[in-house]
Amino acid sequence: MSDSALCYAAKIKDAFAAAVVNFYHCAGRKDLPWQQPATPYRVWISEIMLQQTQVTTVIPYFQRFMARFPDVQSLADAEADEVMQLWAGLGYYSRARNLHRCAQQLMEKFGGELPADVPALTQLPGIGRSTAGAIVSLGFGRPAPILDGNVKRVLSRVFCIDGWSGHSAVSKRLWQLSETLTPQAHCGHFNQAMMDIGATICSRRNPDCATCPLSQYCQALQTGKVASYPQPKPKKLRPVKTFNFLLLQDRQRRILLERRTHKSIWGGLWCLPQIDDNLRKDAAPLYSTLHQLTHFTMQIRIYSVDALAASHQVEATERQVWHNFQSIKRLGLAKPMQTFINELYKNTSTTKGAHEWSIVKS
Ligand code: ADE
C-alpha cells in the first residue's frame, strides 16, 4: 500500500488498540452464548453460524446445536441429515455441510482438536482467513487479525478506503490495516470489540458517531464522508445487444411497419421490421442509437432499403402494414422508433428517396 492510510494506521495503532480494548471493557458484549465459555469448538461453530446471519437469529440455533453436538466427536459421528435438520432455517446450507466434513477431518487429522494457527485452520472446509483469525483470537486467546463484514465497514470508514471490499486490491489493503492495528496483547478483546463496534455503533445506514470510541481517529467522520463508506459493489455494465431494423419506403413515401409479437420486446407496439444479424460486413446503417433498458443496452441500427421500385414485391400482411406520416401518428410506436421516424420526416424533402436520407446518428 502506497500509502498514507497504512502510515496513519502505524502511527495511531497503540492509541487505537487502547480505545478499542477500553470499549470492550465498558460496552463490549461478554455474555453471548459462545463466550460462556469461549472454547475453540464453540467459537468455531458460532463464527460459522454468524456468517451473513444476525446474532439474535443465531443464538437459539447455537444453543440447540451445542445441546446435541457438544464437541467435535459428536458432530463428526452424526448423520448428515441430523446436522442439516439443526441448521434448517439458518440458510446458506453449504455452511452446515462444511461444518460436518470439517469435524470429520478434525477427527482424522487433528485428534478431534481444532488447530491453533491460521494456516492450518484455513486448510479446513468452510474456514476462511477471518473465521480462522476469530477462532485463534477468541477461542485460543492468541493474536490473529480478523476482517469480517463489520470490521471491514469500520476500517473503510476510519481510513477512507475507496473501492468495493470484494475487489482483491481493496481487501488486501483492509487486511494490511487489520494486521497493523491488531495488538499482540488482549487480541481477543480487541477483535470482539471491533465486531461489536461494527454491529452496534458503526452500522451501515445509521452510524452513531457521537458514541463511537474511534471518532477521534475516523477520517470519514472528520471529512464529513461517513455515508460514502464503505463503497458499494460497482453496478455491472449492462450488456449491449444489437437490434437491426429495415427502413422500407414505397412510392407514396409510406413506411412499412410491423406490430411486434407479444413474446418479443415491445410486444404489441409498432416498429420497423426487425432483421437478424446476418448482414454484409460493409452494410452501413442509416441510423444508429443506444437505448437503455433495465437489463441491457439496445444498440439499434436501421438500414435503409431502396424500395421505391420494389414496393409491389413487399406485400402488407396482417402484422406488416404500409403507413404514411398521418396514419403513423395513431399508432403505438416503440419509443426509439418514434424518435427515428420524427427525425426522418423532419429531415426528408419530398423529392428524396430512403437511400438518400442522411440522419446517421451514433
Ligand atoms: N459476528 C461474527 N462474530 C461475532 C462475535 N464473536 N460476536 C458478535 N458478532 C459476531
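Bear in mind that the values in this text are calculations on the coordinates, not laboratory data. Please read these numbers as outputs of a predicted model, since none were measured by experiment. Ideal geometry is used to build each Cβ from the backbone, glycine not excepted, and the neighbour counts take in all protein chains shown.
Tabulated values for the structure
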| read-out | value |
| --- | --- |
| Hz values of 3J(HN,Hα) by residue in segment 128-140 - Karplus curve (6.51, -1.76, 1.60), Gly and Pro given as x | x, 5, 6, 4, 4, x, 5, 5, 5, 7, 7, x, 9 |
| Cβ-based charge dipole, the chain, positive-most Cα from L286, I161, Y217 | L286 |
| Angle between the chain longest axis and helix 187-196 axis [Cα atoms, degrees, rounded to 10] | 40 |
| Debye, to nearest 20: dipole size of the chain, +1 on Lys, Arg Cβ, -1 on Asp, Glu Cβ | 1460 |
| Rough spin-label spacing in nm, given labels placed 7 Å along Cα→Cβ, for Y345 and A18 | 7.9 |
| Selected from G149, G126, G89 as most flexible by GNM, with the chain as the system and alpha-carbon contacts under 10 Å | G89 |
| Distance violations [Cα-Cα > 32 Å] among K172/K235; K235/K329; K152/K236; K172/K236; K11/K225 | K235/K329 |
| Other-chain or far-sequence residues with amide H under 5 Å of S304's (modelled H) | L247, L286 |
| Per-selection Kirkwood Rh - segment 31-172 (Cα, Å, 1 d.p.) | 15.8 |
| On Cα atoms only, tilt of 40-50 relative to the major axis of the chain in degrees | 20 |
| q = 0.10, 0.14 Å⁻¹, the chain: log10 I(q)/I(0) [Debye, one scatterer per Cα] | -0.72, -1.04 |
| Cleavage-rule hits (chymotrypsin sites (Phe, Trp or Tyr not before Pro)) in segment 91-135: DSSP loop, at most 15 neighbouring Cβ within 10 angstrom | Y92, Y93 |
| Sum of side-chain charges, C271 neighbourhood, beta-carbon under 12 Å (Lys, Arg +1; Asp, Glu -1) | +3 |
| Normalised convex hull volume, segment 37-85, alpha-carbon set, Å³ per residue | 80 |
| Cα-based helix-to-principal-axis angle, 335-347 vs the chain, degrees rounded to 10 | 40 |
